[in-house]
1. Please work out which one of (1) modelled with pLDDT of 95 or more; (2) over 30 Å from Gln106 (Cα atoms) is the condition Ile45 fails and give its number.
2. Only residues that are touching a residue at least 40 places away in the same chain (Cβ under 8 Å) and not aliphatic (A, V, I, L, M): list them for region 97-115, please.
3. Output the residue which, of all residues in region 76-105 that are in a strand (DSSP E or B), in contact with a Leu (Cβ under 7 Å, 6 or more places away or on another chain) and more than 12 Å from Ala147 (Cβ to Cβ), is modelled with the lowest pLDDT.
4. Confirm whether Phe127 is surrounded by 14 or more Cβ atoms within 10 Å (Cβ to Cβ) and on the phi < 0 side of the Ramachandran plot.
5. Give region 39-48 a look and list any residue that's more than 17 Å from the chain's Cα centre (by Cα) and surrounded by fewer than 16 Cβ atoms within 10 Å (Cβ to Cβ), or say none.
6. Out of (1) surrounded by 14 or more Cβ atoms within 10 Å (Cβ to Cβ); (2) within 22 Å of the chain's Cα centre (by Cα), the odd one out for Leu51 is which?
7. Given the criterion at pLDDT 95 or above and not in a strand (DSSP E or B), identify the matching residue among Phe248, Phe218.
8. For region 117-132, state whether one or more residues are under 37 Å from the mean Cα position of the chain (by Cα), at pLDDT below 85 and not β-branched (Val, Ile, Thr).
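The values are calculated or read from the model by the stated rules, or taken from the named source; none is laboratory data. Since the model is a prediction, treat every value here as computed from it, not as a measurement. We place every Cβ from the backbone using ideal geometry, glycine too, and count neighbours over all the protein chains shown.
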Amino acid sequence: MRKLLLFIALLMGAAALQAQHWLGLAMEADMAWQLDRIPLTTAKIGGGTALDLRYQLQVNLLTVETGIGAAYTLNALGIQDTTLQIPMMDNRGKPLTFVGQLKNRQDLSRNLALHIPLLIGVEYRRFYGLAGAKVSVNLLSRTQQTALLRTSGEYDMYYEPLTDMPEHGFHDYQRQETRGSMRVQTDLRVAAEVGMVFNTYRGYTKYRLGAFVEYGVFDVRKSEAKELLTADMSDGMYLTMNHVYSSFYQASSPVNNLLVGLRFSILFYLSPVSSKK
């Protein structure tokens with residue numbers, strides 16, 4: 001056992017002598033999707049950007065990389081056309097059914113997150129590859145729901161619904177918008193990146209340009225006690241839309257992140273080494 005520990009210590013010492021230490025920045029632009037199992041939704045392409053402080057430990061061809069960074073992501077969902085019917089009384093005491101119809105609805109979320117990657121890979125001449133995981137801690141999420149809203153009233157005494165009567169609160173399709181906030185769970189993403197390396201300044205600075213993909217294995221949805229749609233009759237007639245992921249509509253459906261993009265890195269050489277490639 002002592003011989004094994006001594007051998008491991010010797011290997012670690014030899015690796016330390018050959019190690020190169022790099023520190024720098026990584027900037028990215030990505031396309032983003034949020035995937036769920038809700039029949040009502042359709043994932044649309046979003047996007048974002050991130051800026052990381054990166055540290056790289058390199059021993060011969062092997063590299064280990066970590067750091068800390070901030071990311072901004074815009075996610076978008078399309079929502080199927082929806083109709084809400086509410087029995088009520090008009091101002092003359094006669095019963096009617098208020099009908100609100102939504103079409104072309106889109107739910108957006110703007111997210112600011114802190115993330116910490118841990119990647120292991122190889123770097124050989126002008127090529128590199130990395131794989132590992134990234135923890136993403138959401139700091140702030142703001143939502144925006146937009147749709148075209150048509151309101152009408154259905155009376156038993158009339159064959160056709162009343163619509164396009166603004167003086168009675170009924171109107172044809174008009175743009176409707178609701179803003180809010182959303183809570184998001186911490187995400188763990190599996191990540192992979194491949195690209196090219198360019199060395200300059202006698203090997204003491206290197207640039208990398210690579211393509212990456214990240215998939216969130218955790219369910220990031222955190223449902224709240226909100227209806228998907230609520231009617232507001234306090235000032236006219238309109239519908240308040242809550243983001244589908246913050247509502248309790250099909251709350252058991254998981255939500256997973258998927259990102260694909262390009263990352264540019266610049267790394268500065270920190271420590272002397274016994275030999276250079």
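1. Against the list (1) modelled with pLDDT of 95 or more; (2) over 30 Å from Gln106 (Cα atoms), Ile45 comes up short only on (2).
2. Hits for region 97-115 are Thr97, Phe98, Gly100, Gln101, Lys103, Asn104, Arg105, Gln106, Asp107, Ser109, Asn111, His115.
3. Across region 76-105, the extreme among qualifying residues is Met88.
4. Answer is no for this residue.
5. Pro39
6. Single failed check for Leu51: (1).
7. So the residue among Phe248, Phe218 that is at pLDDT 95 or above and not in a strand (DSSP E or B) is Phe218.
8. Scanning region 117-132, I find no residue that is under 37 Å from the mean Cα position of the chain (by Cα), at pLDDT below 85 and not β-branched (Val, Ile, Thr), so the answer is no.
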